[in-house]
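The values are calculated or read from the model by the stated rules, or taken from the named source; none is laboratory data. This is a predicted model, so every value here is computed, not measured. Please note: Cβ atoms are built from the backbone with ideal geometry, for glycine as well, and neighbour counts cover all protein chains shown.
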């Protein structure tokens with residue numbers, strides 16, 4: 001009888017909870033249902049479409065067969081894997097020594113290195129690619145012109161182009177390494193910052209030298225962080241779109257993401273695009289599972305109960321070598337491309353004379369013409385709400401700002417309710433909701449764009465295809481997990497006692513949430529909103545592949561300027577994104593400190 005009455009008792013208990021707090025459970029049910037539909041639908045659409053013949057609709061695996069039998073698809077797949085492995089390897093070469101120098105030594109300028117590495121972290125790789133085009137463009141690149149200026153007087157036949165070029169496989173790998181090594185740096189530095197120093201002290205007591213201690217104790221203890229950072233670099237490279245589109249396509253080679261984008265050009269081949277997107281999802285899901293398994297292995301835990309921070313390791317004069325190496329990496333990854341972008345944006349003609357280009361009256365010298373052209377009313381050809389006619393650049397800024405603001409707000413609201421369900425509600429199924437939200441990490445932006453495009457195109461009863469709403473839904477789907485993790489971690493730091501006290505004096509769930517929970521979480525929510533806003537501001541793959549008419553954002557406008565050969569205007573638009581991204585991140589660091597970069 002007890003086995004029979006248990007379900008009845010459970011149902012009665014849940015019914016009583018619904019009656020007592022209908023608003024709470026209605027909000028949770030609506031949020032969970034909305035997220036389930038939003039996340040599961042594009043995934044299922046992508047899977048089903050990849051198994052259908054593009055013309056007859058019959059079930060077939062022909063699209064998957066073509067990936068490995070047709071040279072263009074097979075080459076793109078192999079090139080993507082090879083590129084990801086190369087970028088991961090060199091990111092480890094850069095990130096591990098820098099993290100060790102910053103976290104475990106008295107290396108000069110270590111805090112400056114930590115801060116400037118954050119700039120490389122937040123600036124999109126496609127903007128870095130633009131900077132390196134200005135530096136290593138085969139004909140007009142500043143570095144190439146400098147080299148030719150130096151060596152040509154000594155050559156019988158002066159060289160007219162080169163000798164370097166960024167438009168190559170290795171040029172693309174170089175650019176991506178400079179923008180993805182911070183994943184390794186921050187992962188490893190966070191581990192080293194929190195490492196129990198007793199292990200290294202024990203090594204010193206038995207006579208181990210500094211080098212042996214680092215190789216046999218410090219780095220093995222940081223192994224989970226190293227592997228975690230490496231996996232993130234591998235996945236980010238695999239999913240990268242902007243830099244391969246800017247560098248790889250002009251060099252006449254494709255990776256998976258650019259090949260998928262190519263399949264969207266008329267006439268589109270949705271079956272093949274969905275099939276090509278599937279390996280991205282499978283590899284990403286597998287790598288994230290591996291990362292989770294590695295990080296869950298308890299034998300690697302190195303943070304002891306001590307409150308003492310690890311003492312800096314004395315490495316003698318090698319600290320100056322580490323400092324020089326780190327500052328060189330920071331200069332190459334941040335300083336050089338940012339200088340090139342800024343210099344080009346304030347130069348009348350790209351390819352200015354060396355050493356004089358920024359100073360009038362040299363030909364091609366200092367000029368704000370390209371910023372003026374971005375906002376020149378005479379070039380207005382884009383309609384804004386209210387009947388205003390502005391330039392395409394202003395339109396792009398407007399679209400980026402309001403789309404990012406609206407999407408970030410909705411993402412935070414959904415993340416708050418979802419985190420409350422998981423951390424506070426105690427209801428059944430909250431683990432499934434967590435798994436569903438975290439599944440979006442397995443969706444690279446390009447793969448998600450394919451699923452959303454095809455899915456909403458077929459969803460005739462819900463007319464969101466070709467509207468701004470499709471952008472917002474896409475942004476929510478892609479970044480809800482990012483906000484959920486941040487809000488959940490913030491909620492864990494605020495105990496439930498105040499909420500319980502509010503309910504004890506008769507306050508309902510809605511009043512308790514808005515009068516107690518939200519004010520307590522206000523600082524964390526503001527930081528989370530700012531981070532999401534900054535990420536959305538430079539989003540490129542989703543925006544350009546969903547291709548809503550008249551909905552160009554700043555990132556898309558930069559790509560179109562480059563395709564039209566308007567490189568100076570592209571540079572000016574890049575500066576706007578850089579200022580907005582760095583400004584938003586500065587606000588976060590101002591209120592939350594450096595630890596936010598390590599979450």
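Among the listed residues 59, 82, which satisfies the condition of being surrounded by fewer than 18 Cβ atoms within 10 Å (Cβ to Cβ) and within 19 Å of residue 230 (Cα to Cα)? The conditions single out 82. Taken together, 165, 105 contain a single residue that is surrounded by fewer than 23 Cβ atoms within 10 Å (Cβ to Cβ) and closer than 20 Å to residue 559 by Cα, which is 165. When the residues of segment 407-434 are filtered to those that are surrounded by fewer than 18 Cβ atoms within 10 Å (Cβ to Cβ) and at pLDDT 85 or above, the one that is farthest from residue 560 (Cα to Cα) is 413. Residue 493 fulfils the conditions (1) modelled with pLDDT of 80 or more; (2) in contact with a helix residue (DSSP H, G or I) (Cβ under 9 Å, 6 or more places away or on another chain) except for a single criterion, (1).
Looking at this structure, is residue 136 touching a helix residue (DSSP H, G or I) at 6+ places or on another chain (Cβ under 8 Å), outside the structural domain of residue 540 (by TED's automatic domain parsing) and over 24 Å from residue 234 (Cα atoms)? Yes: the conditions hold for residue 136. Residues considered: 187, 191, 204, 161. Of these, the only one that is closer than 20 Å to residue 84 by Cβ, touching a helix residue (DSSP H, G or I) at 6+ places or on another chain (Cβ under 8 Å) and at pLDDT below 85 is 187. Does residue 126 count as within 20 Å of the chain's Cα centre (by Cα), at pLDDT 85 or above, closer than 30 Å to residue 349 by Cα and not in a loop (DSSP other than H, G, I, E, B)? Yes: the conditions hold for residue 126. Only one of the listed residues (378, 396) is modelled with pLDDT of 80 or more and not assigned by TED's automatic domain parsing to the domain that holds residue 97. That residue is 396.
Under the condition of being part of a helix (DSSP H, G or I) and crowded, with 16+ Cβ neighbours inside 10 Å, the residues counted in segment 129-162 number 13. Scanning segment 68-120 for residues that are assigned to a loop (DSSP other than H, G, I, E, B) and more than 16 Å from residue 321 (Cα to Cα) returns a single hit, 70.
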